[in-house]
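*Asks:* The structure follows.
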Amino acid sequence: MNILYDGPFTPFPKGGVVRYYRELSLNLCKSNDIYFSRYSHKDKSKDFTFPIFPHFRPHKLSFYFEYLWFKFLHKKKFDIVHPIEFQLSPSGSHFINKGSKLVITIHDLIHEKFGAPGGLYDQKSRSDFYSKADGYIFVSQSTKYDFGEFYPELLATKPSQVIWHGSNYNTQRESTEKSSSKQFLFVGARKGYKNFITAAKAFCKIANNDSKIRLVIAGAPPYPDELELLKGFSNQIDWNIFPKERELKDLYSSSLALLYTSNYEGFGMPLLEAISQRCIPIAGNHSSIPEVVGDSGILVNTKSYEEVASAMKKCLMEPAFAQSLSVRSLNQLKVFNWNDTATKTLEFYKSI
């Protein structure tokens, strides 16, 4: 098949969404012709086809030249256009008008549920975009349910399929005993619905009784309000600013548990990353999280820091229990691999 991923190619993705398209394209390029509608300087791969020039500012002018390149210099018919962002580029729109089928992946309904700053989300434009699709891929059953809540008429009239993500890391198969570890980990964004404050309060409650308990926070530099909240435990906290992938994997491996206190997830990639390294997810019992975690973690009420603290204490005080969760992770990960994701996606493309 000829497939156009309408958006930027990202060779070293840091977020779950851009990683999804990178992994899909790398798996599908073995037996299909894969194109991206734009790339940035140095962000190019010999596995795919791109416009002859990198994307530049002003964006409108660059989009126009990319469109001209696809229309006049690379007259390719695409079977599928799969947008990476919440809109089609002029190139993507051109091929949809020429008869290509539009497949949209729904990663989450965060903007619909929580709103978005700075006009990032407009209900009418989002609905208009979704209505153009010939089919939807949902990254979890929970996300499909949420989509049906906000766009019931679209879900009822368009073909769709739930296709899970794959795991980013090779599974740590050794039966590593982590009972001696007293390190907890928080990964990613911390503001808004990510609900870092609950994890921080839970850590303070546990660390108050044991000076050897540590919290590693991987992501952005600390904010003033976070430093104020944690000021009594600064010698037990490590701020790991935007770690590289190898470094992040090592953090999972050396940590007893991941504190994943987000109030909502469309999928939850860090959960899989943690499970693959036998790091126990302590995560919310809501949205997509139970689908991903299964019985390899501890599901809690993320509005209660006492409940999160109780789960942390259980991991510390009951090594046999913690080890049993670690062993279960091997079975849980069997259904999450990028090759399966790509195979099912290709089958969905063909059905469309």
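*Asks:* Of everything in segment 56-83 that's aromatic (Phe, Trp, Tyr) and in a loop (DSSP other than H, G, I, E, B), which residue is modelled with the lowest pLDDT?
*Replies:* 56
*Asks:* Hey, any hits in segment 105-112 for a residue that's outside the structural domain of residue 262 (by TED's automatic domain parsing) and over 26 Å from residue 272 (Cα atoms)?
*Replies:* No.
*Asks:* Test of understanding: among 3, 52, which residue is outside any helix (DSSP H, G or I), of a type in the set (Val, Ile, Thr) and touching a strand residue (DSSP E or B) at 6+ places or on another chain (Cβ under 7 Å)?
*Replies:* 3
*Asks:* Quick one: residue 86 ticks every box in (1) hydrophobic (A, V, I, L, M, F, W, C); (2) modelled with pLDDT of 95 or more; (3) not in a strand (DSSP E or B) except a single one, so which number is it?
*Replies:* (2) is the only condition that residue 86 fails.
*Asks:* Can you list the helices (runs of 4 or more DSSP H) found entirely within segment 252-352 that contain at least 1 residues being in contact with a strand residue (DSSP E or B) (Cβ under 6 Å, 6 or more places away or on another chain), among the hydroxyl-bearing types (Ser, Thr, Tyr) and over 25 Å from residue 197 (Cβ atoms)?
*Replies:* 338-351
*Asks:* Let me confirm something: among 16, 92, which residue is within 30 Å of residue 187 (Cα to Cα) and not acidic (Asp, Glu)?
*Replies:* The match here is 16.
*Asks:* Residues of segment 23-34 being buried (at least 19 other Cβ atoms within 10 Å of the Cβ) and under 22 Å from residue 273 (Cα atoms), which ones?
*Replies:* Matches in segment 23-34: 23, 24, 25, 27.
*Asks:* Hey, could you check segment 235-251 for residues that are part of a helix (DSSP H, G or I) and touching a helix residue (DSSP H, G or I) at 6+ places or on another chain (Cβ under 8 Å) and say which is farthest from residue 16 (Cα to Cα)?
*Replies:* Among residues in segment 235-251 that are part of a helix (DSSP H, G or I) and touching a helix residue (DSSP H, G or I) at 6+ places or on another chain (Cβ under 8 Å), the one farthest from residue 16 (Cα to Cα) is 236.
*Asks:* Restricting the search to segment 138-165, which residues are closer than 24 Å to residue 263 by Cβ and either touching a strand residue (DSSP E or B) at 6+ places or on another chain (Cβ under 6 Å) or not in a helix (DSSP H, G or I) (or both)?
*Replies:* Within segment 138-165, 138, 139, 140, 141, 143, 144, 147, 151, 162, 164, 165 qualify.
The values are calculated or read from the model by the stated rules, or taken from the named source; none is laboratory data. Note that this is a predicted model, so its numbers are computed, not measured. Counting neighbours? That spans all protein chains shown, and the Cβs are built from the backbone with ideal geometry, glycine included.
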